[in-house]
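Peer 1: Pasting in a structure now, in structure tokens, and then I'll have a few things to ask.
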Amino acid sequence: MNLELEQQRVLVVGAAGTIGKAVTQAFLQEGCSVILLDKDPLKSEDFPHAPERLHAIQGDVRRAEDMNQAVAYGKRHLGGLDHAIYTVGAGSGKYGFPFWNLSPSDWPSVLEINLMGAVHLAHAFAPEAIQQAGRTLCLMSSVAGQIGSQTDPPYSAAKAALINFMQCIAKDFAPHGARANAIAPGMVVSELNRSVWASAQSGLNPEEQTTYAQWGDDKVKRVSPMGQWQRPEDCASMATYLASHHARHMTGQVLNIDGGQVMHA
Ligand SMILES: NC(=O)c1ccc[n+]([C@@H]2O[C@H](COP(=O)([O-])OP(=O)(O)OC[C@H]3O[C@@H](n4cnc5c(N)ncnc54)[C@H](O)[C@@H]3O)[C@@H](O)[C@H]2O)c1
């Protein structure tokens with residue numbers, strides 16, 4: 001399928017992460033210019049494809065001015081931005097079951113990164129988005145945001161709020177021909193997922209503890225009808241599709257990439 005995204009300009013926030021890297025590669029392969037932002041330094045060897053179309057900047061999504069600067073960078077160096085993708089995420093590092101294993105003081109930092117970072121991006125990008133029909137914003141949510149996942153309640157709540165805010169954005173963008181959607185991955189091997197395993201092990205006796213691979217395989221078979229891990233590339237293909245004209249009637253949607261873990265009747 002020709003997505004016809006050549007020469008479009010994309011901002012990927014959280015680009016040093018597992019899914020962020022795959023999203024970046026996918027847009028580069030479509031012929032886009034990509035601005036990558038992360039709090040961690042980006043390694044050029046992670047992005048061997050088309051280095052001349054890559055612009056790496058460092059920033060922290062918790063600071064609104066960093067998101068403003070990223071969009072301003074796009075205007076200055078690329079003449080504007082067509083698409084913005086939010087792939088940042090972080091958990092509390094603690095395990096729910098029950099939720100009072102965490103304390104209220106565990107919540108603000110999780111909400112700040114998972115929710116407020118996306119709010120900062122949406123505010124920075126909105127004036128660009130509404131300038132021209134066809135521009136899009138995509139937020140990486142999670143199945144956790146749709147099922148009240150007990151694993152990490154502040155993470156789950158932030159991901160639910162992200163979906164709700166995405167729908168507000170979609171309604172406000174619609175008269176301008178701009179769109180907003182969310183992708184909800186199920187389980188992808190990544191640092192974020194590994195940290196969930198690590199926190200899950202902390203309360204167990206040594207004989208109950210398992211390796212990350214064993215824990216993940218058991219969990220994915222239990223929660224997902226298809227019983228398989230998702231790949232970062234699965235999320236990346238959805239991100240490029242949503243940015244393309246093939247998805248021109250899709251807005252306000254949550255696309256689950258989860259082997260059937262979440263099904264709405
Ligand atoms: N891995 C999974 O199983 C899974 C499942 C559901 C949803 N998700 C979501 O997908 C997205 C990507 O997750 P991933 O698995 O690639 O995680 P990851 O940990 O590999 O990547 C997250 C990235 O966010 C960056 N980041 C964190 N805090 C930041 C900040 N304050 N400012 C700027 N950058 C910051 C990190 O440096 C990292 O590069 C996240 O939104 C996550 O919640 C992942």
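What follows is calculated from the coordinates using simple rules that are stated; it is not laboratory data. None of these values were measured; they are calculated from a predicted model. Using ideal geometry, Cβ is built from the backbone for each residue, glycine included, and neighbour counts are taken over all protein chains shown.
Conditions tested, residue by residue: (1) under 20 Å from Asn181 (Cβ atoms); (2) in contact with a Leu (Cβ under 6 Å, 6 or more places away or on another chain); (3) within 11 Å of the ligand (Cβ to nearest atom).
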position: Gly89; (1), (2), (3): yes, yes, yes
position: Leu102; (1), (2), (3): no, no, no
position: Asp106; (1), (2), (3): no, no, no
position: Gly117; (1), (2), (3): yes, no, yes
position: His123; (1), (2), (3): yes, no, no
position: Gly148; (1), (2), (3): no, no, no
position: Asp152; (1), (2), (3): no, no, yes
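Peer 1: Could I ask something else about it? Which members of region 50-65 meet the condition of being out of contact with any Leu (no Cβ under 6 Å at 6 or more places or on another chain) and assigned to a loop (DSSP other than H, G, I, E, B)?
Peer 2: Selection gives Asp60, Val61, Arg62, Arg63.
Table: residues versus (1) in contact with a helix residue (DSSP H, G or I) (Cβ under 9 Å, 6 or more places away or on another chain); (2) under 27 Å from Ser103 (Cβ atoms).
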site	(1), (2)
Gly148	yes, yes
Thr151	yes, yes
Ala174	no, no
Ser190	yes, yes
Thr211	yes, no
Asp217	no, no
Lys221	no, no
Ser237	yes, no
Gly252	yes, no
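Peer 1: Something else about it: Going by what's in this entry, would Gly79 be described as crowded, with 16+ Cβ neighbours inside 10 Å, over 18 Å from the mean Cα position of the chain (by Cα) and not β-branched (Val, Ile, Thr)? Full working, then the answer.
Peer 2: Numbers: crowded, with 16+ Cβ neighbours inside 10 Å: no; over 18 Å from the mean Cα position of the chain (by Cα): yes; not β-branched (Val, Ile, Thr): yes.
Against the criterion (crowded, with 16+ Cβ neighbours inside 10 Å, over 18 Å from the mean Cα position of the chain (by Cα) and not β-branched (Val, Ile, Thr)), Gly79 does not qualify.
Peer 1: Identify the residue in region 50-61 that is among the small types (Gly, Ala, Ser) and within 13 Å of the ligand (Cβ to nearest atom) and, among all such residues, is farthest from Cys235 (Cα to Cα).
Peer 2: To start, the set of residues in region 50-61 that are among the small types (Gly, Ala, Ser) comprises 50, 56, 59.
Those left that are additionally within 13 Å of the ligand (Cβ to nearest atom): 56, 59.
Working: Ala56: 21, Gly59: 23 Å.
Top of the filtered list is Gly59.
Peer 1: Here is a follow-up. Here are Leu42, Leu81: which of them is over 24 Å from Ile130 (Cα atoms) and either in contact with a helix residue (DSSP H, G or I) (Cβ under 7 Å, 6 or more places away or on another chain) or of a type outside the set (Phe, Trp, Tyr) (or both)? Please lay out each step first, then the result.
Peer 2: Working: Leu81 fails: over 24 Å from Ile130 (Cα atoms).
Of Leu42, Leu81, the one residue that is over 24 Å from Ile130 (Cα atoms) and either in contact with a helix residue (DSSP H, G or I) (Cβ under 7 Å, 6 or more places away or on another chain) or of a type outside the set (Phe, Trp, Tyr) (or both) is Leu42.
Peer 1: Right, another one. Any residue at all in region 176-185 that's crowded, with 24+ Cβ neighbours inside 10 Å and in a loop (DSSP other than H, G, I, E, B)? Spell out the reasoning first.
Peer 2: Our first condition is that a residue be crowded, with 24+ Cβ neighbours inside 10 Å; within region 176-185, this holds for 178-185.
The next check asks that each one be in a loop (DSSP other than H, G, I, E, B); those that pass are 178.
Within region 176-185, one or more residues are crowded, with 24+ Cβ neighbours inside 10 Å and in a loop (DSSP other than H, G, I, E, B).
Peer 1: Also, quick follow-up: Looking at (1) surrounded by fewer than 18 Cβ atoms within 10 Å (Cβ to Cβ); (2) of a type outside the set (Asp, Glu); (3) free of Cβ contacts under 8 Å to residues at least 40 places away in the same chain; (4) within 16 Å of the ligand (Cβ to nearest atom), find the lone condition where Ala64 falls short.
Peer 2: Of (1) surrounded by fewer than 18 Cβ atoms within 10 Å (Cβ to Cβ); (2) of a type outside the set (Asp, Glu); (3) free of Cβ contacts under 8 Å to residues at least 40 places away in the same chain; (4) within 16 Å of the ligand (Cβ to nearest atom), only one is false for Ala64: (3).
Peer 1: So, of the residues in region 125-140 that are surrounded by fewer than 23 Cβ atoms within 10 Å (Cβ to Cβ) and hydrophobic (A, V, I, L, M, F, W, C), which turns out to be nearest to the ligand (Cβ to nearest atom)?
Peer 2: Looking only at region 125-140, we keep the residues that are surrounded by fewer than 23 Cβ atoms within 10 Å (Cβ to Cβ), and these are 126-128, 130-134.
Right, trim to hydrophobic (A, V, I, L, M, F, W, C) and you get 126, 130, 133.
Working: Ala126: 19, Ile130: 24, Ala133: 27 Å.
The qualifying residue nearest to the ligand (Cβ to nearest atom) is Ala126.
Peer 1: Of all residues in region 7-49, which are within 16 Å of the ligand (Cβ to nearest atom), touching a residue at least 60 places away in the same chain (Cβ under 8 Å) and assigned to a loop (DSSP other than H, G, I, E, B)?
Peer 2: Correct list: Gly14, Ala15, Gly17.
Peer 1: For region 225-259, which positions are part of a loop (DSSP other than H, G, I, E, B) and within 24 Å of Ala161 (Cβ to Cβ)?
Peer 2: Met250, Thr251, Gly252, Gln253, Asp258
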